[in-house]
1. Please specify each residue of region 333-356 satisfying the condition of being closer than 14 Å to VAL140 by Cβ, open to solvent by 10 Å² or more (accessible area, probe 1.4 Å) and either at pLDDT below 85 or part of a helix (DSSP H, G or I) (or both).
2. Across region 146-190, what is the total count of residues that are without any contact (Cβ under 8 Å) to a residue 40 or more places away in the chain, of a type in the set (Val, Ile, Thr) and under 18 Å from THR239 (Cα atoms)?
3. Considering only residues that are in contact with an Asp or Glu (Cβ under 9 Å, 6 or more places away or on another chain) and of a type in the set (Val, Ile, Thr), look in region 178-214 and name the one that is surrounded by the fewest Cβ atoms within 10 Å (Cβ to Cβ).
4. Of the conditions (1) crowded, with 19+ Cβ neighbours inside 10 Å; (2) within 29 Å of HIS279 (Cα to Cα); (3) touching a helix residue (DSSP H, G or I) at 6+ places or on another chain (Cβ under 7 Å); (4) not small (Gly, Ala, Ser), LEU173 clears all except one; give me its number.
5. Which condition does ASP452 not pass, out of (1) acidic (Asp, Glu); (2) without any contact (Cβ under 8 Å) to a residue 12 or more places away in the chain; (3) under 24 Å from ALA87 (Cα atoms), if it passes all the others?
6. Out of THR118, THR169, THR151, which single residue is part of a loop (DSSP other than H, G, I, E, B) and among the β-branched types (Val, Ile, Thr)?
7. Can we say VAL140 is modelled with pLDDT of 95 or more, part of a helix (DSSP H, G or I) and over 21 Å from ARG370 (Cα atoms)?
8. Is it the case that VAL99 is among the β-branched types (Val, Ile, Thr), touching a Pro at 6+ places or on another chain (Cβ under 9 Å), surrounded by 13 or more Cβ atoms within 10 Å (Cβ to Cβ) and at pLDDT 95 or above?
Amino acid sequence: MTWDVEEFVRAAAATVEELAVHVDESRRGLTPVLGRRPPSELAERLGLARWIREGGMTPESHAEFLAAYLAEGSRPHHPASLGHQIAAPDFPAALADLVHGVTNNPMAVYEMGAAAATVEFEVVRWMLGKTGFGETGGGVLTHGGSLANLTALLAARAAAAPDAWAEGTPGDLALLVPEASHYSLARAAAILGLGERAVLPLDADPLGRIDVARLPAALDRVRRAGRRPMALVANACATGTGLYDDLRGVGGFCAANGIWFHVDGAHGASALLSEGHRHLLDGIELADSLIWDAHKMLRTSGLAAAVLTRRREDLDAAFRQRASYLFYGAQDFDSAGRTVECAKAALGLKIFLNLAWRGERGLGEYVAGRYAAARRLWELGRERPGFVFPYEPQSNIVCFRYGTGDQAAIRERLMADGSFHLTSAEIGGVRHLRVTVMSPSTDDKTLEALLDRIAGTGDRTA
């Protein structure tokens, strides 16, 4: 079958029209924020089996299918989308997805996508400058924070055990993390061959932040157990609470004790773009490695995450590839040797186009605005009876409880009719409701409505 240019133009026009309506309705809050039909029911509604079996879709039937498809799932542009740390993508990033979808230049091999690779180089250079790593740092973009954490820890393993790639991971290595860390770190430890038992928790305060004063005792426990630290991880910010660890304090301890310092900045590193919030990342330049997700607070579609190292050679040492059909000769501009992926999308284009349209200042204002909205929820909620907020938010994530009843049940009742999408998290073993303000459309009216709805849905005495 050949590419029919006229059919593509018609189908693309229909797609853009449907998507424009979808975003407009979502931003104005005219629809439920999410739909959760059972897969069997949804598959029937979308006619999936018939389309797979028979084919024959046209631009017209595609538009009908797309309208039904977009009516389901979640709507991150919706003001009541307060659940997960997924961006309400700005339209320049969407344009990048379309460009890659058509051109398909997997640019980890430079000759397969020179323009895409060059854009990524400049985006990474910009990120290195923001973190203070500068020209001596190294970086690469990956498909998501989980792969980014894995890649950073591969670099840490190479530094701690240079022969691990060929000989296997030594059994005495340990990964030190706060319990508030993202699950991908424990998963990476298992993939790397350390095993989950090598993931040792750090002492933390009641809100899950690393207790810097107790780091010497933690290191002593590790050594008495016959292990040596491969890396120590800090959160910037923690996924559950949105709180930042003391990066300067932790970084100073790691430097004094020769420990690889990794910062999971997947969500919160974007605060570097906000004048009023970049202090939360004070000490980030001490990190040996850092991850930073663009598909969270840089308003790109999933997935696009950066792995950044203070020393370029550390990232180059993470992998030791052999493949005669790919790795040979001078390949100064290939990034395949620094990532798990070989066929990699043009991830930098999404970040670049958002910057090209909005600029650093525009993205920084977005970050500041979402952080301010979470603080506003805290201000409004703590004045109401029955609401308990265990901390003052530092980011756009805030946790709270309403009454003494089942918080997960409150969440389910809120989501049952699609009025609000939020999540929950445990703090000190106690479940809380959790709000992540991502949509630019979320305002005081939305936050007041959420609090009203919770108060009307929850049972303060249950």
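The values are calculated or read from the model by the stated rules, or taken from the named source; none is laboratory data. If you're wondering where the values come from, they're calculated on a predicted model, not measured in any experiment. Here the Cβ positions follow ideal geometry from the backbone for every residue, glycine too, while neighbour counts run over all protein chains shown. Only protein heavy atoms, including side chains, enter the accessible area calculation; ligands, DNA and RNA are left aside. Shrake-Rupley method; radii C 1.70, N 1.55, O 1.52, S 1.80 Å.
1. Hits for region 333-356 are PHE333, ASP334, GLY337, ARG338, CYS342.
2. Restricting attention to region 146-190, the residues satisfying the condition of being without any contact (Cβ under 8 Å) to a residue 40 or more places away in the chain are 163-164, 167-171, 179, 183-184, 186, 189-190.
Filter again for of a type in the set (Val, Ile, Thr), leaving 169.
If we keep only those that are under 18 Å from THR239 (Cα atoms) too, we end up with none.
Total satisfying the criteria: 0.
3. Restricting to residues being in contact with an Asp or Glu (Cβ under 9 Å, 6 or more places away or on another chain) and of a type in the set (Val, Ile, Thr), the top hit is VAL212.
4. (2)
5. Result: ASP452 fails condition (3) only.
6. On the way: THR118 fails: part of a loop (DSSP other than H, G, I, E, B); THR151 fails: part of a loop (DSSP other than H, G, I, E, B).
Selected residue: THR169, the only one of THR118, THR169, THR151 that is part of a loop (DSSP other than H, G, I, E, B) and among the β-branched types (Val, Ile, Thr).
7. Spelling it out, it is not the case that VAL140 is modelled with pLDDT of 95 or more, part of a helix (DSSP H, G or I) and over 21 Å from ARG370 (Cα atoms).
8. Details: among the β-branched types (Val, Ile, Thr): yes; touching a Pro at 6+ places or on another chain (Cβ under 9 Å): no; surrounded by 13 or more Cβ atoms within 10 Å (Cβ to Cβ): yes; at pLDDT 95 or above: yes.
Judged against the criteria, VAL99 is not a match.
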